[in-house]
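No lab work stands behind these numbers, since they all come straight from the coordinates. In this text, all values refer to a predicted model and were calculated from it rather than measured experimentally. Because the Cβ atoms are built from the backbone with ideal geometry, glycine has one as well, and the counts that use them run over all protein chains shown.
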Amino acid sequence: MPGLHAAVGIEWVVDAAGCDPAALRDAAALEALFSAILDAARLTPVAPATWHRFPHTGGLTGVQVLAESHLACHTFPEHGSFCLNVFCCVARPDWDLEGLIRRSLGATDVRVKRIERHYVAATSAARS
């Protein structure tokens, strides 16, 4: 993968609004979204996702440990909002994460921030 280095991981931080509140309360829909993310990014789960439902709002928090790091989300059905974090310790190309969220949750506004996580200090890399 040109331009991707072994000492750089990638983190995607997503804020989505205008989501279908019913989808944000639907554990099966969120499981399907996690599965689609794993497939699209070629990530490797080491255990099933764990979910917690908040009784008052029906919102869900989910986390899945990956061989590459983790996938986590929190839903706010009362606000039509979805927050997602995908961290991969090995750099990989981007994929259509925005489209997956729009299609899965009916989001009208999706903001994806891609962050490079560097494991080696710049001075250490310069000495190599």
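Considering segment 23-44, and only residues there that are free of Cβ contacts under 8 Å to residues at least 40 places away in the same chain and either surrounded by 14 or more Cβ atoms within 10 Å (Cβ to Cβ) or in contact with a Gly (Cβ under 9 Å, 6 or more places away or on another chain) (or both), the residue that is farthest from Gly80 (Cα to Cα) turns out to be Leu38.
May I ask you to verify whether Ala47 is closer than 21 Å to Ala7 by Cα and either over 12 Å from the mean Cα position of the chain (by Cα) or in contact (Cβ under 8 Å) with a residue 12 or more places away in the chain (or both)? So Ala47 does not fit the description; no. Being over 14 Å from Ser104 (Cα atoms), more than 12 Å from the chain's Cα centre (by Cα) and in contact (Cβ under 8 Å) with a residue 40 or more places away in the chain: is that true of Phe76 here? Here the answer is yes, as Phe76 does meet what is asked.
Restricting Arg117, Arg53, Arg92, Arg111 to those that are charged (D, E, K, R) and within 15 Å of Ala16 (Cβ to Cβ) reduces the list to Arg111. Do the conditions hold for Glu68, that is, is it touching a strand residue (DSSP E or B) at 6+ places or on another chain (Cβ under 9 Å) and surrounded by 17 or more Cβ atoms within 10 Å (Cβ to Cβ)? Considered against the rule, which asks whether it is touching a strand residue (DSSP E or B) at 6+ places or on another chain (Cβ under 9 Å) and surrounded by 17 or more Cβ atoms within 10 Å (Cβ to Cβ), Glu68 comes out as yes.
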